[in-house]
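The next block holds one structure in the form of structure tokens; read it before the comments.
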Amino acid sequence: MRRVFSLLCLCSLLLSACGPGNSEDDGPIPGLDTSPVPTAQGSGDGTSSGATITFAAWEYEMSTYETLATKFHEENPGINVVIVSMDELSSSGESDAPQDEVSRMRRVVSGADTAAQSSISPEVAASGLLLDMKPLMESDAGFKRDDFYPGVLDRGTYDKGMLVLPRYVWLQILAYNKDLFKNAGVPEPKSDWTWNDLFGAAEQIAAFDSKAYGFYDPSSGFYSLLSEIESRKINVLDVSAADADLTQPELVSAIEKIQGLITNRTIYSGVSKGSKNQSDPQQVVRDGHVGIFPPEMTTSYMEGATDIGKPQTAADLPFTMGKINYPKSDALLSTINNSNVEGFVISSGTQHPNEAWKWVEFLSRQTDDSPNGRMMMVGTGRIPARQSVAEASKFWDNVDDEAKTAYQTTLAQQVVRMTKTPDYTTLGPLSQAIYDVTTGGKKPADALKSAQEQLTAQVDELAKATPTPTPQAGPVVVSTPVPQTAPDGAATLVFNPLGYDTSSFRKMARTFNDQKNGYFVQIKATDVTTSPVTLADAAKSADCFAWWNAPQSANDFAALLDLQPFFSADASFKQDDFPPAVLSQLTSNGGIYGLPYTFNTRVLGYNKTIFDSAGIETPTYTWKPDDFLAAAKALTTGSGDKKQYGYIPLGGAISDLSFFITQFGGQLSTGSGKDVQPNFSDPTVVKAIQWYIDLAKVHGVTPKFTLPYSPSDNSSDNSYDMIQKGLGAMWLDSGYGSFPVGVDGVNSGLSWQPGLAPLPLGGAGMQSGDLWVRGFYVSAKTEQQQGCWEWLKFVTSNVNNLNGDLPARISVASSAEFTSSANETQLQMIKIYQEALKQPSKNNPGLNALYSSSQFGFDTYWFYKAIDDAIEKDANLAEELKKADELTKANMKCVAETQKPATCAKQTDPEYDGYNTEDPDPNRPIGIERGWGG
């Protein structure tokens, strides 16, 4: 795999700034949308009585800040905080609007008094959009400046003042192998060391030990190159891409030096020139073969991470490890160890600066970092800005003394600011040049010449593009908040858009609410919980909600409201607007338990050129397994490497096998929920699997295949390449197909014409495993049944959240709004499945039911091993599947009782060689927050 240094990572390294981001959206800059905490009367401390301020937060953080806003209001009843969506404010809503960082920040601070914000770019800092908080800080007698670690407040301070009040600082440090230093006679590094000191020590270590590397550069050599660019003062990243000269002799010389350091093992880039078998850098470090490296290379969890399990301890390593700060650098490289500030900003256009200050200062003191009130600091070096927060969260308990010293040394270093944002257009070609030199063996001068040509072409292309809109200038004024509260007489209902873009649903809710139909929709997204999530849990989070798939178990259906009576009573909304195959996935015992929104299904891909040559008609959904086999036989010709197969299992045989089992009428599982059991030894299942095995072993219509069930399996899959070369006539595919059919059925990248057909469903019809339906549901416990019905009718007509799937409503699929934006393959999918979808689908969840029966999923080891033994060893399939059935049942029982899948696997079968090798950490949070009604 290529290890070209990610441009995204480079942006964060070279610029200690993350702007408000670019969340694409089609709508206008929104009104301020959420329910504020209730306004109360004055505080008597110089703030305005009953003042309302707004705070912009990302959607995934909004529930956290809503909780904090309530807490703040209780302490400051004269100040009302309204939480608004950063996702909406930062997006322009107009395709021709400026997308630069300053323009995005302008949108944010025009719509919110305060905002959660990481470090800012030099251009934003100089724009005047942010309020200097230093005067407010100095006039606040209760503000404890000395509670911040030394150097932290400097990281939020720019030429125009303190613009970011830090809450956390992200820092990086280094680790080193003390044994390698000692053995090579190299003094251990000091806190004031330089990059030359680092490379000098690394070179001595590599020269002393022929199996050792000096310094692991996690950027594949880019950090090291930056150190050379900085020390030589090479003018390449601080000029525009149009003015950058990548062929200048000093840059060639710098890369030649890096190349030499990699060659003599002073630098370990993690990749080896011309080698196909790359070593795992983390394992090389853990084995004690690297002198200097990032500390996270030795840990299962990252240094300083809390609440997610303990990091690997030094005792687990075969060497003694030390910690040290990165060498001090000037502006370009200082971003590695000065890194990023995470904190809060105030708009220069706020009408309530004192109230805004009280709010952000309050936020900087909070230890709650998640909706459930637990601090969850995941990542290397996310240091609390305030000592009191670090103490309350016991942050330093997970950090050893040397690491603590390294972090604090880094904090105390003077912050060196860049004067302008680097032109990132230059980074791609330069990164490619480093890769070509370090792994491809290219000469630096040749690599940089190619990089310059690539850069020139990119600059020329950008020059031809539509001119960048001129950013708006001038002061900002924060919009007056218009809290979205239900009008008199309107009933409020809560909708949770699980799995969807929340900001998009907020826009739809505003449109719906503006209709003043007696109902008011409030969007509430919750995303964190400490227990497994079920559909029944989601039903407790809101009056109505979205869910990732169709209901599966009796518990699922019990948690949902039957919508059949609403269909019957609503003449304006026809049940037949949904294809029976799609709607039936949400039905049970005559009831309809949700409205489908989107669907997708697998397809039968075929080589139209081969079909036409053989005179075989296009496959239809009425084909049965024997029809499929007959066609495969007729389409199989030749031998050896050029043999043309009638059928090739694309991506492996596992999913195709499950499909044909259902077409024989087989069920791989029985029961539902916690009572689900494997059904591998059922005679129909055995018959179907034997039929599938015989496709290769008896009929020769498909290449020999195996089912991977063990990490020790070394088999490879070349099905895609075979089909691409025209050696396969049919294959089962997902979504819109791996070989897209263009306009008029032509794919210019192939020597043959691809085609799409429906699955061969004639054996047993469409099953739940063949069809993926996402829908909207109503909680059985809601008091807003009619309101949810009206809302779900409204949202199922929207085409902006299909996420590549097909609309479930027939009227929407045929609408100009959808057909004008859909691609050719989407339109063809609707056409080829038009008839097949008229038949109700059947509920046969198969292996999916087994997977969903436990939070730990289901171990397929014994099932696939039984089939593989029948293929490879000619074992009796029925007997092997019976054993697999018994072992799987025993394993599932053990896992349910102990919650230890790896332990249970070995206990069930001492010869187990599957993928369950480590029991999961029971403390790791997953899922969604339990909210309304829970």
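The values are calculated or read from the model by the stated rules, or taken from the named source; none is laboratory data. Quantities reported herein were computed from a predicted structural model and do not represent experimental measurements. Quick reminder, even Gly has a Cβ in these numbers, built from the backbone with ideal geometry, and neighbours come from all protein chains shown. Surface accessibility is based on the protein's heavy atoms, side chains included, excluding ligands, DNA and RNA. Shrake-Rupley method; radii C 1.70, N 1.55, O 1.52, S 1.80 Å.
Summary table
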read-out	value
From PHE566, PHE628, residue being touching a Phe, Trp or Tyr at 6+ places or on another chain (Cβ under 9 Å), within 30 Å of SER779 (Cα to Cα) and part of a helix (DSSP H, G or I)	PHE566
THR247, sole failed condition from (1) touching a Leu at 6+ places or on another chain (Cβ under 6 Å); (2) surrounded by fewer than 19 Cβ atoms within 10 Å (Cβ to Cβ); (3) within 25 Å of PRO294 (Cα to Cα)	(3)
Subset of the range 143-193 that is of a type in the set (S, T, N, Q) and more than 26 Å from ARG417 (Cβ to Cβ) - its residue that is farthest from the chain's Cα centre (by Cα)	ASN183
Any hit, the range 698-716, residues being aromatic (Phe, Trp, Tyr), modelled with pLDDT of 90 or more, part of a loop (DSSP other than H, G, I, E, B) and assigned by the TED database to the domain that holds ILE871	yes
Breaking point among (1) open to solvent by less than 30 Å² (accessible area, probe 1.4 Å); (2) out of contact with any strand residue (DSSP E or B) (no Cβ under 9 Å at 6 or more places or on another chain); (3) at pLDDT below 80, for ASP527	(1)
Boolean, ILE654 is surrounded by 15 or more Cβ atoms within 10 Å (Cβ to Cβ), outside the structural domain of LEU560 (by the TED database) and over 22 Å from GLN828 (Cβ atoms)	yes
Residue match in the range 739-750 (condition: without any contact (Cβ under 8 Å) to a residue 60 or more places away in the chain, of a type in the set (Ser, Thr, Tyr), loosely packed, with under 15 Cβ neighbours inside 10 Å and touching a Ser or Thr at 6+ places or on another chain (Cβ under 6 Å))	no
Residue within the range 838-858 that is surrounded by 22 or more Cβ atoms within 10 Å (Cβ to Cβ), touching a residue at least 60 places away in the same chain (Cβ under 8 Å) and touching a Phe, Trp or Tyr at 6+ places or on another chain (Cβ under 6 Å) present	yes
Answer residue from the range 816-837, given it is in a loop (DSSP other than H, G, I, E, B) and surrounded by 16 or more Cβ atoms within 10 Å (Cβ to Cβ) and is modelled with the lowest pLDDT among those	ALA822
Some residue of the range 597-615 being touching a Ser or Thr at 6+ places or on another chain (Cβ under 9 Å), open to solvent by 20 Å² or more (accessible area, probe 1.4 Å), hydroxyl-bearing (Ser, Thr, Tyr) and not in a helix (DSSP H, G or I)	no
Criterion violated by ALA206 - all others in (1) over 24 Å from ILE173 (Cα atoms); (2) open to solvent by less than 70 Å² (accessible area, probe 1.4 Å) satisfied	(1)
Unmet requirement for ALA447, which otherwise passes all of (1) small (Gly, Ala, Ser); (2) assigned to a helix (DSSP H, G or I); (3) modelled with pLDDT under 90	(3)
Filter result for GLU790 (assigned to a helix (DSSP H, G or I), modelled with pLDDT of 95 or more and farther than 26 Å from ILE654 by Cβ)	yes
Checking GLN899 against (1) in contact with a strand residue (DSSP E or B) (Cβ under 6 Å, 6 or more places away or on another chain); (2) at pLDDT below 90, the condition it does not meet	(1)
Odd one out for SER63 among (1) in a helix (DSSP H, G or I); (2) modelled with pLDDT of 90 or more	(2)
Subset of the range 285-299 [assigned to a helix (DSSP H, G or I) and among the β-branched types (Val, Ile, Thr)]	VAL285, THR298
From ASN325, ASN277, ASN340, residue being crowded, with 19+ Cβ neighbours inside 10 Å, modelled with pLDDT under 80 and at negative phi	ASN340
Count - residues of the range 756-798 that are of a type in the set (A, V, I, L, M, F, W, C), over 23 Å from ALA536 (Cβ atoms) and open to solvent by 20 Å² or more (accessible area, probe 1.4 Å)	1
Residue within the range 675-696 that is of a type in the set (Asp, Glu) and over 26 Å from ASP909 (Cβ atoms) present	yes
Answer residue from the range 693-733, given it is closer than 21 Å to ASP869 by Cβ, touching a residue at least 12 places away in the same chain (Cβ under 8 Å) and within 29 Å of the chain's Cα centre (by Cα) and is surrounded by the most Cβ atoms within 10 Å (Cβ to Cβ) among those	TYR709
Which numbered condition ASN354 misses (of (1) in contact with a strand residue (DSSP E or B) (Cβ under 9 Å, 6 or more places away or on another chain); (2) at pLDDT below 95; (3) open to solvent by 20 Å² or more (accessible area, probe 1.4 Å))	(2)
Residues within the range 665-692 that are at pLDDT 95 or above, assigned to a helix (DSSP H, G or I) and open to solvent by 10 Å² or more (accessible area, probe 1.4 Å), tallied	6
Contacts under 6 angstrom Cβ, first residue in the range 249-260 being touching a residue at least 40 places away in the same chain (Cβ under 8 Å) and in the same structural domain as SER231 (by the TED database), partner in a helix (DSSP H, G or I) and open to solvent by 40 Å² or more (accessible area, probe 1.4 Å), 6 or more apart	VAL252/ALA445
Residue that is least open to solvent (accessible area, probe 1.4 Å) [pool: residues in the range 897-909 that are part of a loop (DSSP other than H, G, I, E, B) and more than 15 Å from GLU886 (Cα to Cα)]	GLN899
Out of SER553, SER541, sole residue that is surrounded by 23 or more Cβ atoms within 10 Å (Cβ to Cβ) and touching a residue at least 12 places away in the same chain (Cβ under 8 Å)	SER541
Total residues in the range 228-244, condition farther than 14 Å from THR419 by Cβ, among the charged types (D, E, K, R) and not in a helix (DSSP H, G or I)	2
Residue check, VAL676 without any contact (Cβ under 8 Å) to a residue 40 or more places away in the chain and on the phi < 0 side of the Ramachandran plot	no
Residues of the range 454-469 classified as open to solvent by 60 Å² or more (accessible area, probe 1.4 Å) and either within 31 Å of the chain's Cα centre (by Cα) or more than 14 Å from ALA242 (Cβ to Cβ) (or both), total	7
